[in-house]
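Have a look at the structure below, then the notes.
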Amino acid sequence: MIEHATCKHCGIAFSYERTRKFRTYCSRLCSNRHGEKRQVVTCRQCGAEFRGRLRQQFCSFRCAGKSKVHLVVARNKARRIYPENGLSTQKNHYRAHRVRLLSKDKNLRLSVIRLLGGQCAHCGYDDMRALVLDHKNSDGHIDRRRLGHKIARYYIHHLDEAKINLQVLCANCNLIKQSEADEHNKTRRVA
């Protein structure tokens, strides 16, 4: 049986063969677009106003591409400095932003040291340049395996766990603790 209807989205009259239920849209495209909430949005790149979806940020693919120019420039700069073949985008990003990432890790480590007291637990030395994070139970290898050498990034969000597992030591006290507890790999030891 052929039915006639008007599309709820575009208003075009259409006919369809009724099998099970009534159709209210002329196509799947109209069906998908009818439920979208569109609003007036300002493009982040060019500043033009356009009607877009709730989370749409750019008026066109051109503007979206222009907004990523700084990433392309950084990638190309890294490729010029490190002309090795086959660099992945992750390696390019790291090499282009290495200084910023390293300073971020250093600041996180210093923050954890400050939150754990800011001085050596044995001798009371408080110069931040010589303070290090030390695992109380000499189980740092487990954390490094689990966290991938980003211990400060983890413990800045888990301070209760940091107070249980970590202590702040100066470089001298840390070396003394390592030699007394025989923590280092004996095959790497010179003397």
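A few notes on this one:
- Matching residues in the range 38-64 - criterion: being modelled with pLDDT of 85 or more, surrounded by 11 or more Cβ atoms within 10 Å (Cβ to Cβ) and small (Gly, Ala, Ser): Ala48, Ser60, Ala64
- Residue count, the range 143-176 (criterion: closer than 27 Å to Leu102 by Cα and at pLDDT 85 or above): 22
- Annotation note: of Arg55, Arg44, the sole residue that is within 26 Å of the chain's Cα centre (by Cα), farther than 24 Å from Arg100 by Cβ and assigned to a loop (DSSP other than H, G, I, E, B) is Arg55.
- Qualifying residue in the range 71-86 (condition: modelled with pLDDT under 75, in contact with a helix residue (DSSP H, G or I) (Cβ under 8 Å, 6 or more places away or on another chain) and either exposed (fewer than 14 other Cβ atoms within 10 Å of the Cβ) or closer than 30 Å to Ala162 by Cα (or both)): yes
The values are calculated or read from the model by the stated rules, or taken from the named source; none is laboratory data. Bear in mind the structure is a predicted one, so any value in this text is a computation, not a measurement. Positions of Cβ are generated from backbone atoms using ideal geometry, with glycine treated the same way; all protein chains shown enter the neighbour counts.
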